[in-house]
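Only the coordinates and a few stated rules stand behind these numbers; no lab work does. Keep in mind the model is a prediction, meaning the values are calculated, not measured. Glycine gets a Cβ as well: all are built from the backbone with ideal geometry, and neighbour counts include every protein chain shown.
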């Protein structure tokens, strides 16, 4: 047995939320979102919207880093998720974000609707029936407040860029924190595949 | 003089109560199945030691072991059986009951 001792609840939590706890999987998405906040980033790369490029980098990175975790720590087949499945969440967000962006650009609302939508998603998904993800709940709340910045006279494009940068930065921190917590479960012994 | 809660501790099922096996069973209770490598990483046991614990658990009908291949790489999937889930739940209930009794226990006066 490892000399590190963990509460049985923690071992249970790790096995139940194995993919969620693999923090590095979020890093490409966090960096891609963060870069969107830089003013010098063009809106098109090879004629493709940079947001789509960022999404592709984020999802591709999520999959590839998942393979790394699987190779190094083994695979766990999780029990069916008792909330809304991630694929359905992403589909809903994928449908709602363009609508929210169109509202932000076309209707000039007094709040950053897209930002509020993402913040709401984070808050809702940080509250699964298994265990509250404190860091994501905090990020969601901060971003929700930030979405009201146009009310105090900050121009919408500036709000959107700053939102992207801080959202990415906070995701990055949460990802690193999750990864460190994940690694603490495993002893230094270099295991080998059977 | 009766040492009832303490006597009960000695009667716990050792197949489940052994720390490495309890960790394995607890992890398996939270998922559909897990690979051998995951359990090895989690418990820090050597391959031989983990295999030995898993063989005992399989003999006792607490886990189901599925040995297969992913391409040329051997992969073993382990899942908790229905009986294993029941036994683990019983075990935790017993431990909790004994803990409560032990905290209330006072030696009998002669």
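Quick notes on this structure:
- Residue A:88-residue B:103 pseudo-label distance in nm [points 7 Å out on the Cα-to-Cβ vector]: 4.0
- Across chain B, counting alpha-carbon atoms alone, Rg and Dmax equal 17.4, 70 Å.
- Prolate/oblate/rounded call for segment A:47-104, Cα gyration tensor, a/c under 1.5 rounded: oblate
- The simple Förster model, with R0 at 35 Å and r as the Cβ-Cβ distance, assigns residue A:71 and residue B:9 a FRET efficiency of 0.25.
- Degrees separating the helix B:82-104 axis from the principal Cα axis of chain B, which is the longest one: 30
- In this simple spin-label model, placing a label point 7 Å from the Cα along the Cα-to-Cβ direction at both residue B:83 and residue B:56 gives a separation of 1.7 nm.
- Test item: A:68-80 mean partner chain Cβ contacts at 10 Å: 5
- The ellipsoid that matches the Cα gyration tensor of the protein assembly as shown has semi-axes, each √(5λ) in whole angstrom, of 47, 24, 15, with the longest given first.
- Residue by residue along B:47-56, Cβ atoms of other protein chains within 10 Å of the local Cβ number 1 on average.
- Gain on full extension, evaluated as 0.36 nm per residue between residue A:81 and residue A:107 minus their Cα-Cα distance, stands at 5.6 nm.
- Cα shape, segment B:16-63, gyration tensor, a/c 1.5 rule: rounded
- Peptide-level mean, for B:24-36, of C-beta atoms on other protein chains within 10 Å: 6
- Whole-number Å³ per residue for the convex hull built on Cα positions in segment A:53-171: 119
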